[in-house]
Amino acid sequence: MNTRAQNRLSVATTRTLERQFLTALFVGISVLWIVPANQAFAQAKDSTAPRFPELRLSLKEAMLAAVNDNPTVQLFKERITQAQDQANTQLGALLPNLSATMSGARRRFFLSSFGGSPGVSSPRDFYNARAFLTQNIFSLSLIQKWRAAKTNIDVANLDSETTKRDMMATTGLAYLETLRARAAVAARVADVKLNQELLRLAMERKSAGMATSLDVTRAKVQLENEKQRLLVAKNGYDRATLNLIRFMGISFDIKLVLTDTLKMTKVAKQTVEGALRVARKHRVELQAQKKRERLAALSLSSVTMERVPSLTGSGDVGMIGNQIPNALTTDNVSVLLSIPIFDGGQREGRISENRSLVRQESLKTQDIRYQVTLEVRDALLTLGSAEQQVAVAQEGLRFSLQELDLARQRFSVGVATNIEVTNAQTSVAQARDNLIEGLFNFNASRVNLARAQGRLDTL
């Protein structure tokens, strides 16, 4: 009985193993067939996915792209065209004005008006064709208005140049913001890899009986926290990229690749006085404000010159008659001298208004000078501070990496728990962020200093 039972058990066991083998073989074949199919489907899906054009840009190229394609810059270019058209309008007031008229009419006259008996004449035809010429011979007011319109063109050109430089600086800072966000993503990826390694170490220590479940759990929690920070960093990078594309005025469907990196570069030392001299020479805002002062002065002069008499010449020539073949030539020439005497005080009110505008422009000039001085001094201070921040952050990162290495060694030999390792890893993450922030501040201050001095083209 025992032998038969053993034989039956052996046969059952054999059949069970055969079924398990066949099942495993079937699953293996299915996997071998399904996986390539899934890979092929994934490849087909990737091949049908839209592929956006790639655009590789350096900092300088991004700033130039903003000048060429940004809608705000295009708007100021249109204002230049508007100012030119206004100047042409003022010039037209100084040039001859030629016009012509033609008319045909049928009229009846009251005969007693011409010394005849009372009554109405029979209908008579009248034809008239004339050409008129008017010329402002002398008008100081119109001359000053034309000069003011020409100055307004210069103001519009300088305002457009100011907008270009502002947009270049804004785009440059947005480029640096994107570089900072990209560096933050790289830092978070490094933190995740480091925490994965620490988790692996904790699990190995637990298997060897030299660590507890608390150490493993603590490592897992820290890893999930770093993964969360990585997701936030990626979202920040995507948003910074969209913001940069917006400033450049290009299509959002373009895949933007930044070729520059956050790094330290040698910057020539400048004194405050030397930097201010450069700024006063190259800042377009100061040049534009000088033109605005002149524009206000010319506008005041044009109104004041309305007090001066003006001289206008006019004439007309044409054909007139009751029949077109019998029309006769007539002409008229006149010169008009206009002497302003009193207009109810309107002119004096406009003169006072323009005098106020002149004073306002003078105050604006003073304010812009203060603003330029402030921007230059602030940029110099920030640049010097940023250089020190980078140096301190580099040392901090070096020491934090040493601390992490020592903490890992202590944990691996069982001298300490992974709390020390976690604290050291947090210090490394903070040191990386400090270095990224220092490099960003340094490069941003370079852009701000170049903008403050009006030298973005040399950045």
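The numbers here are math on the coordinates, done by the rules we state, and not lab data. Because the structure is a prediction, the values reported are computed rather than measured. Don't worry about glycine lacking a Cβ; one is built from the backbone with ideal geometry, like all the others, and counts go over all protein chains shown.
Fewest first, what order do 248, 167, 210 take by the number of other Cβ atoms within 10 Å?
Ascending number of Cβ neighbours within 10 Å: 210, 167, 248.
In the stretch 211-259, which trypsin sites (Lys or Arg not before Pro) fall in coil by DSSP and have 12 or fewer other Cβ atoms within 10 Å?
none
Using +1 at the Cβ of each Lys and Arg and -1 at the Cβ of each Asp and Glu in the chain, identify which of 354, 430, 365 lies farthest towards the dipole's positive end.
430
Within the chain, which whole H helices from DSSP have a Cα span along their axis of at least 20 Å and a mean Kyte-Doolittle hydropathy of -1.0 or more, if any?
On the way: long enough: 2-48 (68 Å, 0.06); 71-92 (32 Å, -0.81); 140-207 (100 Å, -0.21); 213-248 (53 Å, -0.42); 284-304 (30 Å, -0.23); 346-412 (93 Å, -0.61); 418-453 (52 Å, -0.26).
Within the chain the helices that satisfy the rule are 2-48, 71-92, 140-207, 213-248, 284-304, 346-412, 418-453.
For the stretch 112-207, build the charge dipole from Cβ charges (+1 Lys, Arg; -1 Asp, Glu) around the Cα centre, then report which of 198, 168, 132 sits farthest towards its positive end.
198
Report the local net charge at residue 235: Lys and Arg +1, Asp and Glu -1, summed over other residues whose C-beta lies under 12 Å from its C-beta.
Combined, the nearby Lys, Arg, Asp and Glu give +3.
Quick one: 317, 155, fewest Cβ neighbours within 10 Å first, how do they rank?
Ordered from fewest to most neighbouring Cβ atoms within 10 Å, 317, 155 come out as 317, 155.
Can you tally the net charge around residue 433? Count Lys and Arg as +1, Asp and Glu as -1, for every other residue whose Cβ sits under 14 Å from the Cβ of residue 433.
+2
Find the centroid of the Cα atoms in the stretch 265-306 and in the stretch 61-88, then give the distance between the two in whole Å.
20
Distance between the C-alpha centers of the stretch 190-233 and the stretch 131-153? Whole Å please.
Centre-to-centre (Cα) distance: 82 Å.
Given +1 on the Cβ of Lys and Arg, -1 on the Cβ of Asp and Glu, and no further charges, what dipole in debye does the chain carry about its Cα centre, rounded to the nearest 20?
Charge dipole of the chain: 620 debye, to the nearest 20.
Given the rule -39500 (n - 2.57) for each run of at least 4 DSSP H residues, summed and divided by the residues of the chain, what is its mean residue ellipticity at 222 nm, to the nearest 500 deg cm²/dmol? Write down the numbers at each step before the final one.
Working: 9 runs with 319 residues, N = 459.
For the chain, the value works out to -25500 deg cm²/dmol.
Taking the Cβ of each residue in 399, 76, 252, 442 as the centre, tally the other Cβ atoms inside 10 Å and list the residues starting with the fewest.
252, 399, 76, 442
If you take the square roots of the eigenvalues of the alpha-carbon gyration tensor of the chain and sort them as a ≥ b ≥ c, do you get rounded (a/c under 1.5), prolate (a/b over b/c) or oblate?
Numbers: a/c = 5.57, a/b = 2.27, b/c = 2.46.
Note, shape of the chain comes out oblate.
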